[in-house]
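The values are calculated or read from the model by the stated rules, or taken from the named source; none is laboratory data. No experiment lies behind these values; they were computed from the predicted model shown. Glycine also receives a Cβ, built like all others from the backbone with ideal geometry; neighbour counts cover every protein chain displayed. Side chains are part of the model used for accessible areas, which takes the heavy atoms of the whole protein and leaves out ligands, DNA and RNA. Shrake-Rupley method; radii C 1.70, N 1.55, O 1.52, S 1.80 Å.
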Amino acid sequence: MALAPLHPVLQFPPELLLAAQAVRVAIFDVDGVLTDGRIYIGEQGEAFKAFSTLDGHGLKLLARGGITPVVITGRDSAAVRRRVADLGIRHAVYGAGDKLAAAAPVLAALGADWPEVAAMGDDWPDLPLMTRAAFACAPAGAHAEVRAIAHHVTRAEGGRGAARECCDLLLTAAGRYADLLQGHLVTLDGGAAP
């Protein structure tokens, strides 16, 4: 039985898709982007963070769609390292005081330059990346200065699907979203989903 094509319901303005069309590397901040920005600290000093599974799946889809996800964060914690490892993200910089300097060797290793980069951040330390990237994205709760320079401000808040919205937009711009969606209709045993 042939699968009927599933037509995506997500739509993005053509000017956004055009701005993001050449992106092949996407840099994401953690606190305020992949999390809601709150940090819970236990009595032993350990940090707890909550991550969205929507965002996690979006980052996996991004990699599957040929766009390399990169994490550059100003903080370092076991929780973040664990989440990045669980998602299979191979390029990450932790505890970056200067995110622009941290990005340079990563982009060089990937053979990419700023016209091929998207950056998603929520606060002033992310501005150097976002102003150089071909496409800048910010979550709804980002600082006003960050929202002002972003090409796209998501409807979703950080840690609550904002990164997924950015991933969906980038995959749509790259012409890969519909195929990835269609691929999810096939079950693991190769049969059609009900």
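A few points about this structure:
- Options (1) 12.1; (2) 10.8; (3) 20.0 - which one matches mean projected area of the Cα convex hull in nm² as calculated here: (1)
- Loop-resident trypsin sites (Lys or Arg not before Pro) (DSSP state other than H, G, I, E or B) in the range 32-136 with no more than 16 further Cβ atoms inside 10 Å of their Cβ: ARG38, ARG75, ARG90.
- Accessible surface of the chain [probe 1.4 Å, protein heavy atoms]: carbon and sulfur percent: 56
- The chain, accessible area per residue, ligands and nucleic acids excluded (1.4 Å, Å²): 51
- Extending 7 Å from the Cα toward the beta-carbon at both ARG75 and ALA104 defines two label points whose distance is 2.7 nm.
- A Förster radius of 25 Å combined with the Cβ-Cβ distance from ASP86 to VAL186 puts the calculated FRET efficiency at roughly 0.55.
- Contact order relative to length of the chain, as percent, for alpha carbon pairs under 8 angstrom and 6 or more apart: 29
- Where GluC sites (Glu not before Pro) fall in DSSP loop in the range 1-110, at most 11 other Cβ within 10 Å: GLU43, GLU46
- Whole-angstrom gap from the range 109-157 to the range 2-47, using each part's C-alpha centre: 11
- Among beta bridges that DSSP assigns inside the chain, antiparallel share in %, nearest 5: 15
- Extension gain for the segment GLN11 to ARG132, taken as residue separation times 0.36 nm less the Cα-Cα distance, is 41.0 nm to one decimal.
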